[in-house]
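Structure record follows, encoded as structure tokens.
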Amino acid sequence: MTIPAGSLLVAQDLRKAYGPTTALDGAEFSIHPGEVVAVMGPSGSGKSTLLHCLAGIVMPDSGSITYAGREVTAMSDAERSALRRSEFGFVFQFGQLVPELTCVENVALPLRLNGSSRKEAERTALAWMERLEVDDLRKKRPGEVSGGQGQRVAVARSLVTNPRVVFADEPTGALDSFNGERVMELLTDAARSANAAVVLVTHEARVAAYSDREIVVRDGRSRDMERVI
Amino acid sequence: MSVRQWSRDLAMGARFALAGGREGWTRSLLTAVGVGLGVALLLLTTAIPNALAERDRREEARSDHTFGQQEIPKADDTLIVVDADTTFRDTDVRGRLLEAEGPRAPLPPGVAEFPAAGEMVVSPALKELLASDEGTLLRERLDYRVSGTIGEQGLVGSQELAYFAGGKGLAKVLEGPASGARIDHFGNDDLGSSDPWDPVLLLLVLVVFVVLLMPVAVFIAAAVRFGGERRDRRLAALRLVGSDSRMTRRIAAGEALAGSVLGLVLGTGFFLLGRELAASAQVFHVSVFPSYLNPSPVLAVLVALAVPAAAVLVTILALRGVVIEPLGVVRTAKPSRRRLWWRLLLPLGGIALLYPMIGQGDDGGNFNQYLVVGGVMLLLVGVTALLPWVVETVVARLGSGGVAWQLAVRRLQLSSGAAARMVNGIAVAVAGAIALQMLFAGVDGTYTKASQYDVSRAQMSVDVPDGANASAIIGKYRDTEGVRKITALSDAYLHDRRSEDSYAQITVADCASLREVATLPSCRDGDVFAAKGSEYDSEGDHLARPGTVLWAEPEDDAAHSGDRPVSWTVPQDIRPAQSREDPTGYERGGILVTPGALPEKLAAVTSARLFLSLDLSVPDAYDHVRNTAARLDPAVQPMTWSSIDSNDRYAAIRTGLSVGSACVLALIGASLLVSQLEQLRERRKLLSALVAFGTRRRTLGLSVLWQTAIPIGLGLLLAAAVGVALGAVLLRMTDTSVRVDWPSVLSMTGIGAGVVLVVTLLSLPPLLKLMRPEGLRTE
Amino acid sequence: MSIGHTLLGLLESGPRHGYDLKRAFDEKFGHDRPLHYGQVYSTMSRLLKNGLVEVDGIEAGGGPERKRYAITEAGITDVARWLATPEKPEPYLQSTLYTKVVLALLTHRDAGDILDTQRSEHLRSMRILTDRKRKGDLADQLICDHALFHLEADLRWLELTAARLDKLREAVTR
């Protein structure tokens, strides 16, 4: 595969097995700054594993991942954690908000992990919550808000550190289509205006329609549909 | 609500507990092991009064002679018994010399046949000791051939050291100073005369029971709640298929019931196992036979009924604040703020119960047992009542900190009750142990102070029998290994001619020994001194004048016996000397005489006592001396001065108590670990998500540590406060000056803190495992 | 879509000129395909012949035919009947896509490729619709959603077929 010029995050020939099951079998990926790429494919095809590898959460068995010219697979666990803290944002399907913290504290959490003071972190967090129209929930705990609201809080949290890549794994999976699309709209709008790239794992076409292009993962192999046509 | 419905729901819960797959089983097993350990401890404690009573009965049955017993004539059913007790290291050995005077002489309990002269029957423990390398010194002392063993009937404990040796000519020994008697049966006729318990001792025993049992009760309460969160989810599923909320509660109670009944079975097993082990153990020189440890049936039935009942009750109470909806579990959103006043009532009530008894211990007044138990229990229960309030109040005020701190504090704020419950057991155990150690330390301190023996000058004393060759005996002791110095003092009381009321103490000793009782300006053999400055002996002053004639016996007695009275004239060159305390702490007056100044016939009426200074760096110095004494006369036992001993005993008690408390704490620590792991598993997905967005593992580990450390820290502070307060009250009750035993406060809180650290460390590997990204995968 | 019934329905709120009718139709329903005036004219004369509308008046001057139409009682009944009659669900039993997939399997071509390509094509349309939806008003959103849901339905079918390609291959090549 030829690496498209100006790529922010590039993965080549990724292989990963969990015991006897092969999750990735030579997958490729690339994304530009500000681009939204949907990762599609049937369940069990290795979509999530690809996302985990790209984000440096899971180490591939072989292959290379380059982020902004740095080889992610050569980094130590601590370096990858630091990278995730400062350069990446994450939205998952559910179960990601800390139930004891209020919503604003949840959004501020990544900033605080990066060493910001509590006051400053919560101010920035509140600004993002306003942007995602959930600032009225700041004093509430995740257990007291609806699924759609909680997911917007999660989106706010994924963007609060001004990440260069947001990884979203089925971010609307637990929502109805109305709330799901609203979350996608807010996520892609905010990401585009911040020039952040979004890696969006989904099996729903209407969610994928918010992307700029899609790649399809099947049996651990990826297909970049833009370059095929 | 019908009984049938109740039993049906309970039975269904029990089925869930036993047949609920691997998860159900683990949960039930955890509960059962927890309850089982508690039950075993309960049974053991209920068995202790029985065991002590059984010991008393056996002791009574084998008792041979008492002071003031009527003398009986020799007959064919009489037996002569002479005490030959000895001490090996710090263990007492019960010894008796026996000589049957006829074919119908009574056999002691547990002995099949009288040992012939030069033979002995021994207890199994003594037999083992004699056969071992350790017993070499004792073997020398008990120089008899072992001809048999004493059966259980004749012993008060499995580890008791005892022997019966056959003797010859013991009737003559009886005439000497040896303690013994001619008897025609064993056993005390006078059964009603058992001594009432020393009130302070009784207090100690009561407090020990309450202090050890309270945490067990708290622990059982915690054990039936193991795995509660998963259970709640299962109950929610039951609601979904149509059971109402009362039914689900009863089903939950049924699960707890099954676990606790299983626990009863396990507990009985643990108890039986522990009973066998108890045979090989001895605590403070007290050992028992397994057969002694029979819990009284009433108490056993009480335990068997109370434990399952408590399990059901605790479950139902615990579910009170939980609403189980078909689609999940809702903990009542914001429980009303905890109130302080009724929580304070408990410990204050406890103090109020104990307060009237302050100062009763010393004048021998008895403590009201119910008030003591009630008061101590209320104080300790007060800890469990106060702790949730303290945790809630403090945690609500905790400010900002790092992310780890914030995560922990927020979690505690949301569920301060659960956190407090988690550490209740530890707090109660620590509070009780602190109070108990203070009490031990205080009471023991007074006992030690009562001894005035100056153990820095001599560590043993031994009497020289009248008429024995003192200098030969002294020589034997001087040659004994480990003896550094011997102070030999011979005493006699010489009378004025006129009456026996007027007498002077004469102390005969060489110059070196005399210097132990008085400050002498100079001394040569042949010198005589008048001891001055004693507060006891004013009479001696006027008799200790030159030329006074003193008599060994008053004139009347001498006339009676027909012997020529022995007299001694106080020499002209008597000099004054300042008296000083002898090694026993006694400041003597009278006349101090060197051997050269005393006529030989007078020397015969003196009785000598030797004070032995030992070189304690020589191993078993005490036992070398005892061996020499036994060689000289088996009926004479040297006295070991005990101030060091007593300190040792306190150390042993403290160690024992610490070990006991540590065991209870370890038990509680185990339950802490279980609930900790359960909580972590609940949060697996969240933990993975947190790691995904770059949370350091250290941060999460620290937050787990804070989450346990904050409530435990508060719990330990409260425990220390309550423990010290209880200890102070108990000390005041025994009329002992209140002194906080800081080492024990620190060691107990230290052990408590150690438990937390260990629990956190043990929960780290699973935590790290849970933080792996696999947790992110949707199932 | 029945243009006649739609125009009739628009007349229910009051008489209109033919030109007004066209404008109203285009505004509300004709986003993709505006009506030709001739279409309006022919439809209105059919309705006039059937007695469903009547001429309310003719404006002088301006265009060649400035007739004002009004709905009749029969017309109102007809609209009510039309609205009450459910539309027949379109079964799409013979789709080109199915034919393509089976042909690919029969000729040993990669049917998965066909599906991926088709999905990509569908997504391209969906992106355009989604974009329009985001920029448009509520009416735009509803119309785009309708189309999006249909496209999504196709895609769902595609995914299902993809998941069952192996079985299908067995069935068709036997």
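Checking each residue in segment C:21-44 for being more than 26 Å from C:H146 (Cα to Cα) and surrounded by fewer than 16 Cβ atoms within 10 Å (Cβ to Cβ) picks out C:Y37, C:G38, C:Y41, C:S42. Looking only at segment B:15-32, decide whether some residue is of a type in the set (A, V, I, L, M), modelled with pLDDT of 80 or more and in contact with a Phe, Trp or Tyr (Cβ under 9 Å, 6 or more places away or on another chain). Within segment B:15-32 (the criterion being of a type in the set (A, V, I, L, M), modelled with pLDDT of 80 or more and in contact with a Phe, Trp or Tyr (Cβ under 9 Å, 6 or more places away or on another chain)), the answer is no, since none of the residues qualifies.
Would you mention how many residues in segment B:366-421 are in a helix (DSSP H, G or I) and within 11 Å of chain A (Cβ to nearest Cβ)? First the steps, then the outcome.
At the first step, the residues of segment B:366-421 found to be in a helix (DSSP H, G or I) are B:369-397, B:403-414, B:416-421.
When the remaining residues are screened for being within 11 Å of chain A (Cβ to nearest Cβ), the result is B:403-414.
Residues flagged as in a helix (DSSP H, G or I) and within 11 Å of chain A (Cβ to nearest Cβ) within segment B:366-421 amount to 12.
The conditions of being more than 27 Å from A:P99 (Cβ to Cβ) and not assigned by TED's automatic domain parsing to the domain that holds B:F209 are met by B:V376.
Kindly indicate which of B:G274, B:G254 is closer than 24 Å to B:A309 by Cα, out of contact with any Lys or Arg (no Cβ under 7 Å at 6 or more places or on another chain) and at pLDDT 75 or above. None of the others qualify; the one that does is B:G254. When segment A:6-23 is limited to residues that are modelled with pLDDT of 90 or more and crowded, with 23+ Cβ neighbours inside 10 Å, the one that is nearest to A:R85 (Cα to Cα) turns out to be A:L9. Yes or no: C:L158 within 8 Å of chain A (Cβ to nearest Cβ), among the hydrophobic types (A, V, I, L, M, F, W, C) and under 19 Å from A:A208 (Cβ atoms)? Answer is no for this residue. Does segment C:100-114 contain any residue that is out of contact with any Leu (no Cβ under 8 Å at 6 or more places or on another chain), at pLDDT below 85, surrounded by fewer than 18 Cβ atoms within 10 Å (Cβ to Cβ) and within 13 Å of chain A (Cβ to nearest Cβ)? For segment C:100-114, residues out of contact with any Leu (no Cβ under 8 Å at 6 or more places or on another chain), at pLDDT below 85, surrounded by fewer than 18 Cβ atoms within 10 Å (Cβ to Cβ) and within 13 Å of chain A (Cβ to nearest Cβ): present.
Meeting the requirement of 3 or more residues that are within 8 Å of another protein chain (Cβ to nearest Cβ) and touching a strand residue (DSSP E or B) at 6+ places or on another chain (Cβ under 6 Å), the strands (runs of 3 or more DSSP E) wholly within segment A:27-106 are A:88-91. For segment B:706-716, filtered to residues that are in contact (Cβ under 8 Å) with a residue 60 or more places away in the chain and of a type outside the set (F, W, Y), the residue that is nearest to the other protein chains (Cβ to nearest Cβ) is B:Q707.
For (1) within 29 Å of the chain's Cα centre (by Cα); (2) in a helix (DSSP H, G or I), each residue gets a yes or a no:
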{"site": "B:D56", "(1), (2)": "yes, yes"}
{"site": "B:A61", "(1), (2)": "yes, yes"}
{"site": "B:D64", "(1), (2)": "yes, no"}
{"site": "B:Q70", "(1), (2)": "no, no"}
{"site": "B:V82", "(1), (2)": "no, no"}
{"site": "B:D92", "(1), (2)": "yes, no"}
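The criterion of being in a strand (DSSP E or B), touching a residue at least 12 places away in the same chain (Cβ under 8 Å) and surrounded by fewer than 21 Cβ atoms within 10 Å (Cβ to Cβ) does not hold for B:P571.
Suppose we filter B:A178, B:A165, B:A171 for residues that are closer than 25 Å to B:V464 by Cβ, small (G, A, S) and modelled with pLDDT of 85 or more; which single one remains? Step through it out loud before you land on a result.
Numbers: B:A178 fails: modelled with pLDDT of 85 or more; B:A171 fails: modelled with pLDDT of 85 or more.
B:A165 is the lone residue from the list that is closer than 25 Å to B:V464 by Cβ, small (G, A, S) and modelled with pLDDT of 85 or more.
Looking at segment B:586-605, is at least one residue closer than 30 Å to B:F88 by Cβ, at pLDDT below 80 and either part of a helix (DSSP H, G or I) or not charged (D, E, K, R) (or both)? Taking every residue of segment B:586-605 in turn, at least one turns out to be closer than 30 Å to B:F88 by Cβ, at pLDDT below 80 and either part of a helix (DSSP H, G or I) or not charged (D, E, K, R) (or both).
The values are calculated or read from the model by the stated rules, or taken from the named source; none is laboratory data. Computed from a predicted model, the values in this text were never measured in an experiment. Backbone-built Cβ (ideal geometry, glycine too); neighbour counts: all protein chains shown.
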